[in-house]
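Here is the structure we will look at, set down as structure tokens.
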Amino acid sequence: MTDATTPSRVSQKISAKVWEENAVPRHRIQWCPGCGDFGVLAGLKMALTKLEVTPYEVLLIGGIGCSGQIRNYLNGNGFHGTHGGALAYALGAKMANPGLTVIALAGDGDTFAIGVENFVHVCRRDPAVVLIIMDNGVYGLTKGQHSPTHGRGMDIREWSEEAPPPFAPLRLALTAGATFVAQSFSGDPRHAAEIYAQALQHPGFAVVNDFSPCVTYNKFNTYDWYRERVEDVPASHDPSDFQAAWELLNDFDRRGRLPLGVVYRHPRPKKAHGRLPIWPEELQGADIRPLLQMMR
Amino acid sequence: MTVNRLKILVGGVQLRDGVVTVTDILGRIFTRAGLHVLAMERGYASTIYGAHQFDPLVVSEEPPVSWGDPRLDILVALDYDSNPDAREQPNRDTILRHGRYLVDGGVLLYDSSTGEVPVEPLERRGIKVFPVPARTIARDELKLDVVKNMVAVGALFRVLEFDQDGTWLRQLVEERFARKGAQVVDLNLRAARRGREVVESILAARGWPGSGYRLQPRPSAEPRVLISGNEALSLGAIAAGCRFYAGYPITPASAILEFMEEHLPRFGGRALQGQNERESIRAAIGAALAGVRSMVGTSGPGLSLKVEEFGVAGMTEVPVVIVDTQRAGPSTGMPTKSEQGDLYLSIFGGHGEIPRIVLAPATQEECYTLMIEAHNLADKYQCPVFFLTDLNLSEGRKTVPEAVFTQHPVTIDRSTLVREADLRRDGAYRRFALTPTGISPRLVPGTVGGVLKASGSEHDERGFVSTDPAVRKAMMEKRARKMETFLREDARPPRVVGSVDGRPALVGWGSTLPVLLEAQQRLRQRGVEVAVVHFSYLWPFPAALAKPVLERASVLIAVEQNFTGQFADVIQACCLLPVRRVVKYNGLPLYPADVVGGVEHILHTGESHVRIGTEAPAPVKVSEGG
């Protein structure tokens, strides 16, 4: 299997085209026409191209559901396991090899229903992992049941125990200790790409909640519905101020508006660690004799 | 006079009396003195404070075959008052529970700080009783409560005529307490001396020439360690190149997590205390995906929570070693009691059909050697590898020559990983390539020249999701083929001790091997020849290797620590041979006498399923939390 010549790490010309190799061809993408996830895909390609990341160093951890499919529609290493598990796999992979660009791509059900325990604690741990939540308010792949963010913008009288009010992703991320909290809208992939690029450059855990309308099952939170309500975070907002971030969310809620942009970004001092040993030669010479001495 | 062969049990109140401190000191010193120590049953409660705790040690000149029966030579009772349930019987908790197992002519040494205990029934059996007011001496004379343990150790050493000049004890105390200052060292040694003096005066007053027992050092050039199963398997994992460990606190697996947190960084690795059982195994899968040898450890309830990830690892072909230190179930069961009840879960747990390997070490030595194989097998076959120990083996300690861990160089086989040089950079790399062996070339993300797509959904050779019937068929067969390759290339036959031909065979797996061997010896003395057939490679069941052995026996008797006889079922299903069974599931360890009794019962009555281990209830109510 060994090649005659050993290729060295050559810098690869990164163009948007690169992200289409080793991926499911466009005509075989299984999202519904008009799905918000197309916007996330486009934005992600733009961000990765802009940052000149190579597909070899990218690890895309998909969630379960429509959102998780994105890992196959984009070049780069991809993995998906269980519902709600994306962040925990991402944590392990990043701990093992900090050189990888690890991106978890999951839905709101994946992240905030079954995966909320992992989400909260990954916020605390603050690994340099990017999480993009494709927030559509429904379980799309299982044909439209309520998800945690279901009912965004609906009348309060419609809520009940079996259909509780929508979950507030940014507020949970903030209170759980995430160091980068932002929101984007897949109806505007260029803007989303900007946010993703900032998230990818953040040295800790970056949460981006992306409004990604489900055109088939969510007839309420449509593109038009979002377009009428989204509003950029004002340029005067200081994202490093936690109190200001909280007030910003309160202000947007009061006005019935949805913020787009970076709401909070705080550089938590991080202890860097190295890649864990992989190849047999990196594992040579493990001398366990000092451990045995303690057991004498 | 019995020299260099005895069983001591130290008992007291959990967390207060320092039972484990005492047995640890004894075990270390006896090991250093060249004697063999085996401590496989550890009695403690699933509560923090106040319940009864005990720790028996077998000490002998030659390595003991097994931990033997409950019979005791020496009982050390550290309780100075009592379990609240036995308030009307001060000092008697340990004595009431374990005194009945003392042999005639044995020794009882107890803390008499709150008064002497009526012991006529024991004295009638020739048991020599040494009341030592250890706590009073510590508190009133030495002004340091905790040295009461050293008073007891010193007293016991005098009873055993061991370490007359105090060299062994001084060395250990200096190592342990040097950090705390010379004064602490001195107080401990004075405490031991006072214990010695008390015993001396009792011997003189009673006119006894000695206790009837003696331990003599047998210094040996060969360095030895006193090691637990958990420690041995952790060492094995480190030696095998495991550099990521994740766990969630659970008895009795937590010790592995603590060991790894303390020691893995020195080998360039990292340990993670997951926020729950699922985060632990997922992080381990993530690390393994990134190319690192990775392991998780848990016990039954935690294994249940990890089940969905068995399928992920099997389907995405990510190697991960899963240690299950079995305890009594179901549900939370008895967290501090041992059982072999998780075999079905390891072999069959998970939906769909998952390629997996299940191993079970028999001894502390095998915890080390088999763990190295576990990591190499996980790497080669790219599947979850289960490693089934149990509470007794994991927490049990044994004297083992250091050479067991150092004499053989460890081979780290990662030959199924592809490097940059192996890739042609034309996009032709296929993570799940259909190969004759079923083993596909595995890529580490970050390797220039290829990307991997791995999915828990059914996928094609490149890892893209597919439900095409032809793809599904080929992929199922590919994964199944790995297990066929395993059976052909790496599976091990059972170890056979004695001749099987036309004789009954005792069949076992995992930690019960030493007990089976001792039962075999005892049966021989009673005129019954049996063979022992023991499995460490459990699944895929090596039928081609095992059946020719098993079918030569006149009768197969599986001996297991569970209710149904889970492994017996596996053998019946895989070999189409009837298997009778002797099972024990009352929380106590399997004793050789249990096996002897069960086997004789089967041979005389022809019964097929013998449930053993009826014990008289504890004379003192067990006070335990949930």
To the nearest 10 Å², what's B:Val410's accessible area with a 1.4 Å probe? 50 Å²
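Let's see if you can work this out: charge +1 on each Lys and Arg Cβ, -1 on each Asp and Glu Cβ, no other charges. What is the dipole magnitude of the protein assembly as shown about its Cα centre, in debye to the nearest 20? Walk me through the intermediate numbers first.
Details: 102 positive and 103 negative charges, 222 e Å.
I would put it at about 1060 debye.
Quick one: which of B:526-535, B:48-57 comes out on top by average Cβ neighbours within 10 Å, and what's the full order, highest first? Don't skip to the end; give the middle numbers.
Details: B:526-535: 18.4, B:48-57: 20.6.
Descending packing order for the listed peptides: B:48-57, B:526-535.
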Partner shielding of B:289-299, taken as the mean number of other chain Cβ atoms within 10 Å, equals 5
Cross-link partners of A:Lys219 among lysines (Cα-Cα below 17 Å; sequence separation of 8 or more within a chain): A:Lys143
Heavy atoms of B:Leu305 accessible to a 1.4 Å probe, total area in Å² rounded to 10: 100 Å²
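Just add up the charged neighbours of B:Pro249: K/R +1, D/E -1, any other residue whose Cβ is under 13 Å from the Cβ of B:Pro249.
Numbers: positive: none; negative: B:Glu258, B:Glu261, B:Glu277, B:Glu279.
Summing Lys and Arg as +1 and Asp and Glu as -1 gives -4.
At a 1.4 Å probe radius, which order do B:Thr298, A:Thr101 fall into by accessible area, largest first? Don't skip to the end; give the middle numbers.
Details: B:Thr298 0, A:Thr101 30 Å².
The most accessible residue leads, giving A:Thr101, B:Thr298.
For A:Tyr217, A:Tyr89, A:Tyr139, give the ranking by accessible area with the largest first, probe 1.4 Å. Spell out each step's value before the answer.
On the way: A:Tyr217 85, A:Tyr89 0, A:Tyr139 65 Å².
I get A:Tyr217, A:Tyr139, A:Tyr89, largest accessible area first.
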Determine the distance separating the Cα centre of the stretch B:572-611 from the Cα centre of the stretch A:108-155; give it in Å without decimals. 52 Å
With point charges of +1 on the Cβ of Lys and Arg and -1 on the Cβ of Asp and Glu, referenced to the Cα centre of the protein assembly as shown, which listed residue (B:Leu122, A:Tyr226, B:Ala284) lies farthest in the positive direction of the dipole? B:Ala284
Report the charge-dipole magnitude of chain A in Debye, nearest 20, computed about the Cα centre from +1 at each Lys and Arg Cβ and -1 at each Asp and Glu Cβ. 540 debye
Solvent-accessible area per residue, Å², over the stretch B:397-530 with all protein chains present [probe radius 1.4 Å]: 42 Å²
Taking every other residue with Cβ under 10 Å from the Cβ of B:Glu277 and scoring Lys and Arg +1, Asp and Glu -1, one gets +1
Heavy-atom accessible surface that A and B bury in contact, both chains counted, 1.4 Å, Å² to 100: 6000 Å²
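How large is the translational diffusion coefficient of chain B in µm² per second when you combine the Kirkwood radius over alpha carbon pairs with Stokes-Einstein at 37 °C and 0.692 mPa s? Intermediate results must be reported in sequence, preceding the final value.
Values: Rh = 26.2 Å.
Value of D from the Cα-based Kirkwood radius: 125 µm²/s.
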Among the lysines, which fall within straight-line cross-link reach of A:Lys271, defined as a Cα-Cα distance under 16 Å, with same-chain neighbours fewer than 8 residues apart omitted? A:Lys94
Residues in the stretch A:102-132 that, when all protein chains are in place, have 50 Å² or more less accessible area than the chain alone would give (probe 1.4 Å): A:Glu117, A:Arg125
Ranked output for segments B:142-152, A:245-255 by mean other Cβ atoms within 10 Å, highest leading, reads B:142-152, A:245-255
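If packing is taken as the average count of other Cβ atoms within 10 Å, what order do B:390-401, B:279-290, B:580-591 fall into, highest mean first?
My ranking of the peptides, most packed first, is B:279-290, B:390-401, B:580-591.
Please say if the stretch A:212-287 is rounded, prolate or oblate, where rounded means a/c under 1.5 for a ≥ b ≥ c the square roots of the C-alpha gyration tensor eigenvalues, and otherwise the choice is prolate for a/b larger than b/c and oblate otherwise?
Numbers: a/c = 5.06, a/b = 1.91, b/c = 2.65.
Oblate shape, in that a/c is at least 1.5 and b/c is the bigger or equal ratio.
Across the residues of B:397-404, average count of Cβ atoms on other protein chains within 10 Å?
1
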Just to be sure I understand: if I project the alpha-carbon convex hull of the stretch B:1-150 onto a plane and average over all orientations, what area do I get in nm²? 9.3 nm²
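Before rounding to the nearest 500, sum -39500 (n - 2.57) across all DSSP H runs of length at least 4 in chain B and divide by the residue total; then give [θ] at 222 nm in deg cm²/dmol.
Details: 19 runs with 223 residues, N = 626.
So the helix-based figure for chain B works out to -11000 deg cm²/dmol.
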Run through all the Cα pairs of the protein assembly as shown and give the fraction in each 20 Å bin from 0, expressed as whole percent. 14, 38, 30, 16, 2, 0
Provide the descending list of Cα extents for the stretch A:165-296 along its principal axes, expressed in whole angstroms. 71, 36, 30
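Peptide B:272-278: average number of partner chain Cβ atoms within 10 Å per residue?
Numbers: counts 5, 0, 5, 8, 4, 0, 8.
Counting other chains' Cβ atoms within 10 Å and averaging over B:272-278 gives 4.
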Taking all pairs of distinct alpha-carbon atoms in the stretch B:120-270, Kirkwood radius in angstrom: 18.8 Å
On the accessible surface of the stretch B:489-626, probed at 1.4 Å with all protein chains in place, carbon and sulfur together account for a percent value of 52 percent
In whole percent, the fraction of accessible protein surface over chain A that belongs to carbon or sulfur atoms, probe radius 1.4 Å, stands at 53 percent
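Leaving ligands, DNA and RNA out of it, rank B:Ser220, B:Ser211 by accessible area with a 1.4 Å probe, largest first. Numbers along the way, then the final one.
Details: B:Ser220 55, B:Ser211 5 Å².
Output order, biggest surface exposure first: B:Ser220, B:Ser211.
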Given chain A, what whole percent of its Cα pairs are spread farther than 27 Å? 42 percent
Alpha-carbon centroids, the stretch B:153-177 and the stretch B:378-401: separation in whole Å: 34 Å
Assign one of three labels to the stretch A:1-152, namely rounded, prolate or oblate, based on the Cα gyration tensor with a ≥ b ≥ c the square roots of its eigenvalues; rounded applies when a/c is under 1.5, prolate when it is not and a/b is larger than b/c, and oblate otherwise. oblate
With the other protein chains left in place, how much accessible area per residue, in square angstrom, belongs to the stretch A:194-296 at a 1.4 angstrom probe? 52 Å²
Restricting to aspartates and glutamates and to Cα separations under 18 Å from B:Lys547, and discarding same-chain partners fewer than 8 apart, the set is B:Glu484, B:Glu489, B:Asp490, B:Asp501, B:Asp569
Net charge of neighbours whose Cβ lies under 12 Å from the Cβ of B:Gly106, counting Lys and Arg as +1 and Asp and Glu as -1: +2
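Which shape class, rounded, prolate or oblate, goes with the stretch B:366-423 when its Cα gyration tensor gives a ≥ b ≥ c as root eigenvalues, a/c under 1.5 marks rounded, and past that a/b bigger than b/c marks prolate?
Numbers: a/c = 5.25, a/b = 1.82, b/c = 2.89.
Taking the square roots of the gyration eigenvalues as a ≥ b ≥ c, the stretch B:366-423 is oblate.
Restricting to DSSP H runs of at least four residues, report the calculated mean residue ellipticity at 222 nm for chain A, -39500 (n - 2.57) per run over all residues, nearest 500 deg cm²/dmol. The partial results should precede the final answer.
Working: 8 runs with 82 residues, N = 296.
Mean residue ellipticity at 222 nm (helix-derived): -8000 deg cm²/dmol.
The values are calculated or read from the model by the stated rules, or taken from the named source; none is laboratory data. Computed from a predicted structure; not experimentally measured. Using ideal geometry, Cβ is built from the backbone for each residue, glycine included, and neighbour counts are taken over all protein chains shown. Surface areas here come from the heavy atoms of the whole protein model, side chains and all, with no ligands, DNA or RNA. Shrake-Rupley method; radii C 1.70, N 1.55, O 1.52, S 1.80 Å.
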